[in-house]
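The next block holds one structure in the form of structure tokens; read it before the comments.
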Amino acid sequence: MPIHHFPDDIPVEAAYASPLSSAAEDLRQDTLKMVRAALDERRALLAFQPVVQARMPKRAAFYEGLIRIMDHTGRVIPAADFIGSVETSELGRRIDCMALEMGLATLADEPSIRLSINMSARSIGYPDWLATMERGLRAKPDIAERLILEVTEASAMIMPDLVTLFMQDMQERGICFALDDFGAGYTAFRYLKDFYFDIVKIDGSFIRNIVEQPDNQILVQALVSISRHFDMFTVAESVETAEDARLLVNLGVDCLQGYYFGAPSTQAPWKVSHLKSNKAG
């Protein structure tokens, strides 16, 4: 068997890396470079998706502001294409800062809406994120009561004690909290009584095609029951058909979100509705 000799500056595991793993790492590095440049040049915006009241679906309870970045050509890149590569790094914290800054500005410009903004629990101790929040609330203290912070179930479970203290502090200032992707992970239900989330968003994996999934119907019913026990509103994510929407209403879900009621749009839905009303009048 021939003996392979590799240069001293190349780790042995790298020398044996498969072409596929090398290609994946190259793609990840390209993604990080693109995100970093977009943030440095403030090439970012929010896309808004309505969250409607289950029994009055023409009325938005609030909107979710979803971060989008643009590459150097101006092409809009959804979070799903980059968040996995940056979530645990400082770039992830910078994205949370940018989303919060734009969300606070949106609330300041439009006093008629409530808006949810996603954040990772990892950003709680990030000084720039906290400074962004303080600046926004100092300029417009009343917007706190219309701000909802969405924390994923997975990140909340990483540091439950820190999340609990952070939520108590922010809730005293009027800010609401939503537990995102509820049911998708391994929530320690004992923490729910300590967290005091105002809203739980039931993960879309339980919601899609729920009419055809009796097991998921039972699971959603159980999640709704748990949420009610802790006085939390429920939102079903990824609602895509009228049949699923009707079933979810019957199961007692409070609010619905998904493509059936509106896709995320970089054009503010409340402004579009206002324009349509003016034209109709």
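Under the condition of being farther than 22 Å from THR106 by Cα and in contact with a Phe, Trp or Tyr (Cβ under 6 Å, 6 or more places away or on another chain), the residues counted in the stretch 22-78 number 2. Of all the criteria given as (1) under 27 Å from CYS176 (Cβ atoms); (2) at pLDDT 90 or above, the one not satisfied by ARG43 is (1).
Here the condition is being within 14 Å of the chain's Cα centre (by Cα), over 21 Å from PRO269 (Cα atoms) and without any contact (Cβ under 8 Å) to a residue 40 or more places away in the chain; of ASP96, ASP71, it holds for ASP96 alone. Identify the residue in the stretch 226-239 that is crowded, with 16+ Cβ neighbours inside 10 Å and not in a helix (DSSP H, G or I) and, among all such residues, is nearest to the chain's Cα centre (by Cα). Ranking the qualifying residues of the stretch 226-239, first place goes to GLU237.
Yes/no matrix, rows are residues, columns are (1) in contact (Cβ under 8 Å) with a residue 60 or more places away in the chain; (2) touching a Gly at 6+ places or on another chain (Cβ under 9 Å); (3) closer than 18 Å to PRO57 by Cα:
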{"position": "PHE195", "(1), (2), (3)": "no, no, no"}
{"position": "ASN209", "(1), (2), (3)": "no, no, no"}
{"position": "GLN217", "(1), (2), (3)": "no, no, no"}
{"position": "VAL220", "(1), (2), (3)": "no, yes, no"}
{"position": "LEU223", "(1), (2), (3)": "no, yes, no"}
{"position": "ILE226", "(1), (2), (3)": "no, no, no"}
{"position": "MET232", "(1), (2), (3)": "no, no, no"}
{"position": "VAL235", "(1), (2), (3)": "yes, no, yes"}
{"position": "SER238", "(1), (2), (3)": "no, yes, yes"}
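In the set (1) at pLDDT below 95; (2) acidic (Asp, Glu); (3) surrounded by fewer than 21 Cβ atoms within 10 Å (Cβ to Cβ), the condition left unmet by GLU145 is number (1). Among all residues of the stretch 186-203, there is none that is of a type outside the set (Lys, Arg) and closer than 25 Å to VAL35 by Cα.
Cβ-Cβ contacts under 9 Å between residues 6 or more apart (or on different chains), taken from a first residue in the stretch 133-162 that is within 16 Å of ALA178 (Cα to Cα) and touching a residue at least 60 places away in the same chain (Cβ under 8 Å) to a second residue that is of a type in the set (D, E, K, R) and crowded, with 21+ Cβ neighbours inside 10 Å, are listed as ILE148/GLU64; GLU150/GLU64; GLU150/ASP180; GLU150/LYS201.
Here's the yes/no breakdown for (1) more than 15 Å from ALA121 (Cβ to Cβ); (2) β-branched (Val, Ile, Thr); (3) loosely packed, with under 15 Cβ neighbours inside 10 Å:
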| site | (1), (2), (3) |
| --- | --- |
| THR152 | no, yes, no |
| LEU192 | yes, no, no |
| PHE206 | yes, no, no |
| VAL224 | yes, yes, no |
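Scanning the stretch 34-61 for residues that are of a type in the set (A, V, I, L, M), within 21 Å of VAL76 (Cβ to Cβ) and in contact with a Lys or Arg (Cβ under 9 Å, 6 or more places away or on another chain) yields VAL35, ALA37, LEU39, ALA44, LEU45, LEU46, ALA47.
Among the residues of the stretch 38-86, the ones that are of a type in the set (Asp, Glu) and not in a helix (DSSP H, G or I) come to 3 in all. Residues in the stretch 64-80 that are farther than 13 Å from LYS33 by Cα and touching a strand residue (DSSP E or B) at 6+ places or on another chain (Cβ under 9 Å): GLU64, GLY65, LEU66, ILE67, ARG68, VAL76, ILE77, PRO78, ALA79.
Scan the stretch 73-90 and tell me whether some residue there is among the small types (Gly, Ala, Ser) and at positive phi. Yes, some residue in the stretch 73-90 is among the small types (Gly, Ala, Ser) and at positive phi.
The values are calculated or read from the model by the stated rules, or taken from the named source; none is laboratory data. All of these numbers come straight from a predicted model, not from anything done at the bench. All Cβ positions, even for glycine, are placed from backbone atoms using ideal geometry, and neighbour counts span all protein chains on display.
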